[in-house]
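Below is one structure, written out as structure tokens; the observations come after it.
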Amino acid sequence: MRDELVRFLTARLGQAALAEDIYQDVFVRLNTAQLPSEIGSPRAFLYRMAFNLANDHRRASSRRVARDGAWVDSATHSAGGEAIADHPDVDHAIDARREVQRMIAVLKELPPKCREVFTLHRLQGVSHRQIADTLGITTKTVEKHMTAALKQLTLKLRKRGET
Amino acid sequence: MQGEVYSLYATGASEVEPKVLVDQRFDAAAAWYVLLAGNVTEDDWRAYSVWLEADPQNREAFDAVLAMSDTIDREKTLLADGMRSRDEQSTILPFRSQASRRRFVGWMAAAAAVAAAITVGVFVRAPQVQSSQTQTWATGIGEHKDVALADGSQIRLNTDTAIVVTLAGNRRAVRLERGEATFDVAHDTARPFIVAVGDRQVEVVGTAFDILRDNHAVTVTVARGIVAVSSTGDTATTSRLEAGDQYLGREGDIAYRIAKVDPAKVLAWQDGRLIFEDVPLEDVVASLNRYFDQKVIVEESARDLRFSGILKIDDEPSILRRLESFLPVTTQSRGNGLILKRRSPA
């Protein structure tokens, strides 16, 4: 199981050394965390924990990249010796606002069923099962719509230079 | 020839990845994300691992999907607001009137002619299970509210509306005291979802529908699925409604009628719009008065005017200004209310 998980983490993180670290983390947490009373498949559960920890790591490192970028920007401003007031928070809020507007534009271009499924699940918190029952479609179809919506959002909002 | 084609393709792949491959990669990344959000087996995890190993760019695509998903969660409220307000620029869009629907829409609006006087519904049954809990939600004039019930059902309240919800182990009961609400009911065959309104009750399994209680007139419009409407305590009068059916009844009278409507038009209030097709001005104003603090009366001189169009429901002065620009009418204040009268020809 160890090799399998480390291999999985290496594939997910792209670095073998990091994969070992996260693998250690999984077992530290296994000892300390509140585990659910019923675990269907222990192996699937270990995968799930490794997956979640790896995702957290990816999130943290992408935040770090963004923050370091912001720091370089403001350092450049002050090096210019001019009294330019930097408002990174305001800038960030404006960027976030713009991003939301673009996301809404992408969502509105989706086929109606796809848009409805996405809105119900991600914005209103309705489960796949309930959406399937209410709309008279299979949960597979719900997943298909969710995939299409998520893919369009990711592709259309990708910044240039990103994969 | 074949070699040429191959080398062209190879160049494309090494410098700029062909669009179709990028598309496939993100499709797979999103599909994995959606699948892994649910309950999966260890074989699924292994298959995901194999997909990641196949190409380092798969990992990056998955990270992009993960980041987008985080953004969606973070901006949920703004996104939901944005998805509700569509096409706000064109507030009045006249459209062709349909004669078949004319009488019916007029009837519906006439039922709303007097501001709602509220009486408590006849249907009040004590919950049968102790563990049930009763909660009340209400909106003021001009307000909307989204209510998420513990069972996963969603209720959206329109202006000046009150509901009482009891979730019990064997049934889910809602009483619509006044106003209008749209129900999106979570599927649960073991616990029927029953809405009591005046002396009618509406029973559903899992569907979406809208109920309006105004001046003792009860209107039920079904957007999806099937619902059963009956007079309280009298199942012999049950009528089954399907999507696009609208039930119209009056409290105190077991007679009812069922009409075919476009549910999207009835549910337009959710987007902050009201849709009228060749409706007498007086009836339009009666509908609008449900949203207004200062009630509007139509003067005799303007009663023969009719209106077709979509009105954006924002604030009272703006709505009246749009009516004035569309019809030969003008507003004057009188006492606590407003009078809409015909404009004298210039």
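Before moving on, here are some points about what is shown:
- To the nearest 10, the accessible area of B:LEU35 is 50 Å² with a 1.4 Å probe.
- When each of A:LYS108/A:LYS144; A:LYS151/B:LYS312; A:LYS151/B:LYS260; A:LYS140/B:LYS312; B:LYS260/B:LYS341; A:LYS108/B:LYS76 is checked by Cα-Cα distance, pairs over 27 Å: A:LYS151/B:LYS312; A:LYS151/B:LYS260; A:LYS140/B:LYS312; B:LYS260/B:LYS341
- Of A:GLU109, B:GLU277, B:GLU53, B:GLU177, the residue with the largest accessible area leads and the full order is A:GLU109, B:GLU53, B:GLU177, B:GLU277 (1.4 Å probe).
- Other protein chain C-beta atoms within 10 Å of residue C-beta, averaged over B:66-75: 6.
- Compared with the alpha-carbon gap, the fully stretched path from B:LYS260 to B:ASP314 is longer by 16.6 nm at 0.36 nm per residue.
- Using a simple spin-label model with pseudo-atoms 7 Å out from Cα toward Cβ, B:ARG303 and B:GLU143 lie 3.6 nm apart.
- Two-site FRET efficiency, A:ARG97 against B:ILE226, from Cβ-Cβ distance with R₀ of 45 Å, rounded to 0.05: 0.60
- Pairwise burial B:A, computed as accessible area of each alone minus the pair, summed, 1.4 Å, Å²: 4700 Å²
- Förster radius 41 Å - calculated FRET efficiency between B:ASP293 and A:THR139, Cβ distance, rounded to 0.05: 0.35
- Backbone geometry of the stretch B:63-72 corresponds, through the Karplus equation with coefficients 6.51, -1.76 and 1.60 at θ = phi - 60°, to 3J(HN,Hα) couplings of 4, 5, 5, 4, 5, 5, 5, 4, 4, 4 Hz, x marking Gly and Pro.
- Note on the stretch B:134-185: Kirkwood hydrodynamic radius from all Cα pairs is 11.0 Å, rounded to one decimal.
- Take A:VAL65: with every protein chain present and a 1.4 Å probe, its accessible area is about 110 Å².
- For B:THR166, A:THR138, B:THR77, the ranking by accessible surface with the largest value first comes to B:THR77, A:THR138, B:THR166, using a 1.4 Å probe.
- Shielding of A:100-106 by partner chains, average beta-carbon count, 10 Å: 4
- Average beta carbon contacts from partner chains per residue of B:175-188, 10 Å cutoff: 2
- Once C-alpha pairs closer than 8 Å and six or more residues apart are averaged by separation and normalised to the residue number of the stretch B:252-332, the relative contact order reads 29 percent.
The values are calculated or read from the model by the stated rules, or taken from the named source; none is laboratory data. Predicted model only: the values in this text are computed from it and were never measured. Here Cβ is always computed from backbone atoms with ideal geometry, including for glycine, and neighbour counts include all displayed protein chains. All accessible areas refer to the heavy atoms of the entire protein, side chains included, with ligands and DNA or RNA removed. Shrake-Rupley method; radii C 1.70, N 1.55, O 1.52, S 1.80 Å.
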